[in-house]
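The values are calculated or read from the model by the stated rules, or taken from the named source; none is laboratory data. This one's a predicted model, so the numbers in the text were calculated from it and none came from an experiment. Neighbour counts are summed over all protein chains in view; Cβ atoms, including those assigned to glycine, are modelled from backbone coordinates with ideal geometry. SASA here: full protein model, heavy atoms, side chains in, ligands and nucleic acids out. Shrake-Rupley method; radii C 1.70, N 1.55, O 1.52, S 1.80 Å.
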Amino acid sequence: MKSRTEGACLPKLSRVAVCGGTHGNELSGVYLIKELMKRRREADDEEQPILVLSNPRAAQQCLRYIEVDLNRCFSHDALNAPLSDSAPYEVIRSREINAVLGPKGSADSVDFICDLHNTTANMGLCFISCSDSDWISLKLMRHFNQTCSISVLCHIGPTFLSFSASVSVFRFARWCFVTFPRCVFTAMEVGPQPHGVVRSNVYTTMKTALELVLHWIRLFNCGTVFEGGPVDVFTLVKHVDYPRDCSTHDIVAAIHPLLQDKDFCLLNPGDPVFQTFSGETITYNGSESLYPFFINECAYYEKGIAFSLSRKSRILLNTNGFRTDFKL
């Protein structure tokens, strides 16, 4: 168990942004953002967070992206490289979003971003942050664990957090949608849901989880001191590709039925992981037991990832000294 000491006051989260449709075929986030935008217009409610439909062209065509993955366009180099006339749409769009939410790293950038995603993997509700020293995200996840009837898994940076509530959190730091050095970033992954489809139960889970996140932020900004306690985290160890034909590079096996849908369940050496198209079983040959996630994610076929493996550990959060700073 890791122990963390928290003694500093934290500033309010004054500027909050919610982004959906970073991938245009992940429809829960697309329709939730549209619903929130409609509600804002009807209620003329300026207290709502900044709302961003991240990739409107891809959402209109129900595609993950138009030319390149928008979720890979927010590095410092990508945002500051010279922009040519032939630049992909997503590269141009990333700079537009950076202008709204940032500029990245500036004093004017937002304080908190929640980016909405769907996965075809059986990961439930998953929150993703960019650092295991991000006390705000850790306390948020701890609060979910204590107050929700939802089962939550969390990834922090190269780490994932697990909660016994129906939500889970996950993200790789280098994949973060917009990582501002002074900004708290949380991505929400909800699944399983096929891409290009919206399922009512998955949409409702995402909507409920987002309402809980925004409610927690209001409590935080009012100076609430949140109880400490343990948070289980899953740290990324490696990605595993499908077995492939050495000459054609085509995959020659699918996820084994005994592994399918077992995200964040312990995988032991010798357990089945793939079944070849000729019917043979391929087992996990690692030296330690690990926790798989993003098992058979549709969008990761193009990235050469059959599943990822993580190591589970525990962080102990303290209560003392954790409150907002009302002087700011």
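For the reader, a short list of remarks on this structure follows.
- Taking the average, over residues, of other Cβ atoms within 10 Å as the packing measure, peptides 64-74, 26-36 rank 26-36, 64-74 from highest down.
- Computed over the range 73-121, the convex hull of the alpha-carbon atoms projects to a mean area of 4.7 nm².
- Carbon plus sulfur fraction of accessible area for the range 181-288, probe 1.4 Å, in percent: 54 percent
- Column: log10 I(q)/I(0), Debye, Cα scatterers of the range 205-252, q = 0.15, 0.24 Å⁻¹: -0.69, -0.97
- Those trypsin sites (Lys or Arg not before Pro) in the range 255-314 that DSSP places in a loop and that have at most 16 other beta carbons within 10 Å: LYS303
- Quarter of the Cα convex hull surface for the range 208-324, i.e. its orientation-mean projected area (nm²): 10.1 nm²
- Cα gyration tensor category, rounded, prolate or oblate, for the range 14-125 with a/c compared to 1.5: oblate
- In the range 31-127, the portion of solvent-accessible area held by carbon and sulfur atoms comes to 48 percent [1.4 Å probe, whole percent, DNA, RNA and ligands not counted].
- Taking a straight Cα-Cα cut-off under 18 Å and skipping sequence neighbours fewer than 8 places away in the same chain, the lysines within cross-link reach of LYS238 are LYS262, LYS303, LYS312.
- Taking amide hydrogens as placed 1.01 Å from N in the peptide plane, the amide H of SER129 sits under 5 Å from those of HIS155, ILE156, GLY157, ARG171, ALA187, each at least 5 positions away in sequence or on another chain.
- A full extension of the chain between SER289 and SER86 corresponds to an added length of 68.4 nm, given 0.36 nm per residue minus the alpha carbon distance.
- Centroid-to-centroid separation of the range 77-144 and the range 203-256 [C-alpha atoms, Å]: 14 Å
- The mean of 1/r over all distinct Cα pairs in the range 237-305, once inverted, gives the Kirkwood hydrodynamic radius of 12.5 Å.
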